[in-house]
Amino acid sequence: ARIPIISHVHNFDHIGNRNIITYITDRFLFVSENHMKNMKNIELIKKKSSVLYNAIDYKYYASGINIRKSLGLNDDDIIIGSISQIAQHKGIDIICKTAQICCKENDKIQFIIVGPVGNGESDYFLEIKKEIEKNNLTDKIKFLGSRKDIPDFLASIDVFFLPTRQETFGLVIGEAL
């Protein structure tokens with residue numbers, strides 16, 4: 001049909017000789033120079049590869065209003081927030097370890113995590129919740145699940161924290177800025 005095939009590459013870590021996508025794709029668009037550079041066997045597709053950075057609507061993310069009261073937070077609380085799937089590779093356990101240290105130093109610190117439990121990550125989430133309970137942090141770490149009011153959430157936090165273990169280009173970093 002002569003329709004160009006374009007692959008948006010943000011999760012692959014290697015290109016293979018036996019992968020049909022290597023041959024039928026007209027253009028590979030990577031989310032960062034670093035991701036393209038670190039792709040195994042990049043020489044197989046280098047001539048048809050480019051970097052196309054993800055676009056972020058900064059005005060939209062800057063348009064939020066403070067919703068601390070509706071989240072049960074005080075204006076003088078120090079809110080450290082994260083937006084992420086609850087998944088091991090996203091480092092949510094690192095947030096919990098950080099909370100253990102920070103909350104001992106200042107009782108006004110609160111950690112709030114927005115995002116759903118990732119597919120196949122239910123056991124990981126249960127481990128995180130047990131660790132929170134064991135360390136008496138249930139009133140310091142809140143999981144809000146998925147939300148549609150991300151600009152408002154971002155306008156309500158003091159510090160954005162994304163301790164990811166594996167991320168090619170976390171759009172949420174740009175959105176939080």
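The values are calculated or read from the model by the stated rules, or taken from the named source; none is laboratory data. Keep in mind that this is a model prediction, so the values were computed, not measured. Here the Cβ positions follow ideal geometry from the backbone for every residue, glycine too, while neighbour counts run over all protein chains shown. Please note that ligands, DNA and RNA were not included when accessible areas were found on the heavy atoms of the full protein model with its side chains. Shrake-Rupley method; radii C 1.70, N 1.55, O 1.52, S 1.80 Å.
Quick notes on this one:
- Scanning the stretch 138-166 for residues that are out of contact with any helix residue (DSSP H, G or I) (no Cβ under 8 Å at 6 or more places or on another chain) and free of Cβ contacts under 8 Å to residues at least 12 places away in the same chain turns up Asp139, Lys148.
- Residue within the stretch 150-158 that is at pLDDT 95 or above, of a type in the set (Asp, Glu) and touching a strand residue (DSSP E or B) at 6+ places or on another chain (Cβ under 6 Å) present: yes
- Only listed residue being under 18 Å from the mean Cα position of the chain (by Cα) and under 20 Å from Leu73 (Cβ atoms), chosen from Leu144, Leu177, Leu137: Leu144
- Candidates Asn106, Asn135, Asn119, filtered to the one that is open to solvent by 80 Å² or more (accessible area, probe 1.4 Å) and either farther than 13 Å from Gly81 by Cα or touching a residue at least 60 places away in the same chain (Cβ under 8 Å) (or both): Asn119
- Scanning the stretch 58-89 for residues that are charged (D, E, K, R), under 18 Å from Arg147 (Cα atoms) and either modelled with pLDDT under 95 or open to solvent by 80 Å² or more (accessible area, probe 1.4 Å) (or both) returns a single hit, Lys69.
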